[in-house]
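Values in this text are rule-based calculations from the coordinates and carry no lab data. Model, not experiment: these values are computed from the prediction. Cβ placement follows ideal geometry from the backbone for every residue including glycine, while neighbour counts extend to all protein chains displayed.
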Protein chains: 2
Amino acid sequence: MNSLPQPNAILDRVDPVARLMKLARDDMAAVDALIGERMGSPVPLIPEVASYLVDAGGKRIRPLITVAAARMLGYEGQGHVALAAAVEFIHSATLLHDDVVDESDLRRGKAPANQVWGNAQSVLVGDFLFARAFMLMVDAGSMDALHVLSRAAAIIAEGEVRQLEAQRDIATTRDAYMEIIGAKTAALFAAAAQVSPILAGRSKDDVRALETYGRELGLAFQLVDDALDYGGLAKRLGKNIGDDFREGKVTLPVVLALDAATAEERDFWERSISGDRTEADLDTAIAILKRRGALDATLAQARGHAKTAQDALKVFDRNPYSDALSSLAEFVVERAY
Amino acid sequence: MNSLPQPNAILDRVDPVARLMKLARDDMAAVDALIGERMGSPVPLIPEVASYLVDAGGKRIRPLITVAAARMLGYEGQGHVALAAAVEFIHSATLLHDDVVDESDLRRGKAPANQVWGNAQSVLVGDFLFARAFMLMVDAGSMDALHVLSRAAAIIAEGEVRQLEAQRDIATTRDAYMEIIGAKTAALFAAAAQVSPILAGRSKDDVRALETYGRELGLAFQLVDDALDYGGLAKRLGKNIGDDFREGKVTLPVVLALDAATAEERDFWERSISGDRTEADLDTAIAILKRRGALDATLAQARGHAKTAQDALKVFDRNPYSDALSSLAEFVVERAY
């Protein structure tokens, strides 16, 4: 009887997010409750728009990192729940504002909020969630955590502006791309991981180790996302294939394909990235990316960052939480396959 | 020789903002320097957009209130400078996002930022300023002040959403209007005034008195602004006449005119506010508002709020700062004449 693995055990092995969610079940239930409560407003449209986004199938990886890191360190207080909710609110606010910035017609598998309610509503409800994020941080009571998260929020905005500037610019370098994803994505992962040792009053080395874990995980996450935008090897959930291509975003796969491009391929990228493209061009783009090994190379780089994230955890005593955080880093890359 | 008033003395009498600016010169210079520094970013577009807005002839009334209230209370630290800059950043972020929300083609006498750079840039630079505002609050080091300002930011967003919902709705009541301006405008004035006694470690009564001062001043300010949108008695600086009318905003002048409307006038408001209007309708609207005394009544209500603001200051010992804050409340209304 015992030779067959139980369904839960199978689930644990295939999806470390599910395993981590189970491990941190009580904390994440508290985070969920707090998120639901703090989305509340006497203005009904606000929870309506906010819950459309917050409930829309996000995996809550960022707050999960905050909560798991706090537990890994043996933190016994409740501040990590408020900070985890704050991290998710910042992320949700960013998504709402991205809907206005980008032109995608799919977000977490649904029409983006600005297409349902309008740009004004997306901007304002994003602002509301952003403000509520800071109220949650006040509740957590750590000025140092507040500094880390407000700084991350400023860096995210900088990264998004840089991304806008790099749009349709095939001269975008690998370094520029890495700086952009470091700011727009990895900064919040880094902050999400870093606030827990701060809250737990741990040493600077511990804070730095978890910051590295978060940042490297965030970089891996975004690299995989950018590979999956071209179909990668797996299909992305809840997003369109080819959104980046349609928006003229020069992500690492394109940078790498450009490095190895023939004259003809370069002409193709110049024309299609700078704006003059048809839907059929997406198939050509994917074919070139595969031919040049650009998707594999992007995923290889993602694996490198995931490995660095795992290594950063080695300074901590092993326990179920550190193990789960370590497999989370692997999972972020493995979901591509 | 001495019988002629000096130019500065004339200026002082006609413009209490100028007088207050002179009184708080050193503090406001420090606020300006800090604003300039914290607008900085390695991403050049950010200070470019931010300074377009922040330098664009705003009177900096809100940070002036923070600084003057701190000095009135004999506060000797430097935290008020950081909080004043934070207040101005929140205000600027709100203006940038309002550009996306509204459809005005004039902001502080210039084309709004979103028409110069685009909606995406206005949203993201607004987010950046918002995040930097919270970093400034961290510098000031008061968790209570952080709570007040983050709460105000959430309330502003709620007010803006409510205003959107009330747009083109002639059933908007006086109470609904007062709640909207209480949230979208007066909440930040209240917070700007309230953070200083918090920073100075004053009693709850003092905090409440300055909160009242700020809120009532903010209400007076918005009422006057809404009267001036119809030309009022004076001309608005740097804004178009009739913006609210064109956007179908039901402000107090319209609410009051509707209360006293003939059947024909009501038809006019129903048609013109709900969307079907020509430029010539603005002249008709102004004529009706004057005929019904709606602008005078709006300004009378503003005077009442200014008076309440002045009364709130009476619990404090008189000094040049309390006098200046008191005349500021008068000025906010008098600028209409």
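Phi-derived couplings, Karplus 6.51 cos²θ - 1.76 cosθ + 1.60 at θ = phi - 60°, listed residue by residue for region A:163-175: 4, 4, 5, 7, 4, 6, 10, 6, 7, 4, 8, 4, 4 Hz, with x used for Gly and Pro. Pairs spanning more than 29 Å between alpha-carbon atoms, out of A:Lys239/B:Lys249; A:Lys249/A:Lys307; A:Lys184/A:Lys204: A:Lys239/B:Lys249. Per q in 0.10 Å⁻¹, report the Debye log10 I(q)/I(0) for the protein assembly as shown, using one uniform scatterer on each alpha carbon and no solvent. So the normalised log intensities work out to -0.97. Label-point distances for A:Glu165 to the equivalent site in the other copies, using a point 7 angstrom along Cα→C-beta, read 4.0 nm when ranked shortest first. So for region B:179-329, what percent of the C-alpha to C-alpha distances run longer than 28 Å? In whole percent, the long-distance tail amounts to 31. Taking the longest Cα principal axis of chain B as reference, the axis of helix B:204-228 is set at about 40 degrees.
Ranked by the mean number of other Cβ atoms within 10 Å of their residues, highest first, the peptides B:168-177, B:145-154 come out as B:145-154, B:168-177. Averaging the sequence gap over all C-alpha pairs within less than 8 Å and six or more residues apart, then dividing by the number of residues, gives chain A a relative contact order of 19 percent. Annotation: amide H-H contacts under 5 Å for A:Gln78 (H modelled 1.01 Å from N, sequence separation of 5 or more, or interchain): none. Computed 3J(HN,Hα) for region B:40-54, one whole-Hz value per residue from the Karplus formula 6.51 cos²θ - 1.76 cosθ + 1.60 where θ = phi - 60°, is x, 7, x, 9, x, 4, 5, x, 5, 5, 4, 6, 4, 7, 5, glycine and proline marked x. Per residue of B:40-53, other chain Cβ atoms within 10 Å of the residue Cβ number 2 on average.
The Cα-based radius of gyration and maximum Cα-Cα distance (Dmax) for region B:14-334 are 19.5, 61 Å. The charge dipole of region B:104-244, taken about the Cα centre with unit charges on the Cβ atoms of Lys, Arg (+1) and Asp, Glu (-1), comes to about 360 debye, rounded to the nearest 20. Between the Cα long axis of helix A:61-72 and the first principal axis of chain A there is an angle of about 40°, rounded to the nearest 10.
Against the main long axis of the alpha-carbon atoms of chain A, helix A:263-273 sits at an angle near 60°. Report the relative contact order of region A:159-285, percent, no decimals, based on alpha-carbon pairs under 8 angstrom and at least 6 residues apart. The value is 29 percent. Distance between the C-alpha centres of region A:34-103 and region A:131-184: 16 Å, rounded to the whole angstrom. Label-point distances for B:Thr284 to the equivalent site in the other copies, using a point 7 angstrom along Cα→C-beta, read 5.6 nm when ranked shortest first. The alpha carbon convex hull volume per residue for region A:158-258 rounds to 110 Å³. Every pair of different Cα atoms in region B:267-337 enters the Kirkwood calculation, which places the hydrodynamic radius at 14.7 Å. In nanometres and ascending order, the distances from the A:Asp26 label point to those of the other copies are 5.6 (point 7 Å from Cα along Cα→Cβ). Applying the Karplus relation 6.51 cos²θ - 1.76 cosθ + 1.60 with θ = phi - 60° to region A:324-330 yields 3J(HN,Hα) values of 5, 4, 5, 6, 4, 4, 5 Hz, where x marks Gly and Pro. Kirkwood radius, region A:80-182, all distinct C-alpha pairs, inverse of mean reciprocal distance: 14.9 Å.
Charged side chains reduced to their Cβ positions (Lys and Arg at +1, Asp and Glu at -1) give chain A a dipole of some 800 debye around its Cα centre.
Run the numbers on region B:225-337 and let me know its relative contact order in percent, using alpha-carbon pairs under 8 Å that are six or more apart. Provide the component values of the computation, followed by the final result.
Working: 93 pairs, mean separation 31.7, N = 113.
Relative CO of region B:225-337 lands at 28 percent.
Extending 7 Å from Cα along the Cβ direction at A:Arg174 and again at A:Ala29 yields two label points whose distance is 4.8 nm.
Given the peptides B:280-291, B:81-92, arrange them by the average over their residues of other C-beta atoms within 10 Å, most packed first. Spell out each step's value before the answer.
On the way: B:280-291: 16.5, B:81-92: 28.5.
Result, highest mean Cβ count within 10 Å first: B:81-92, B:280-291.
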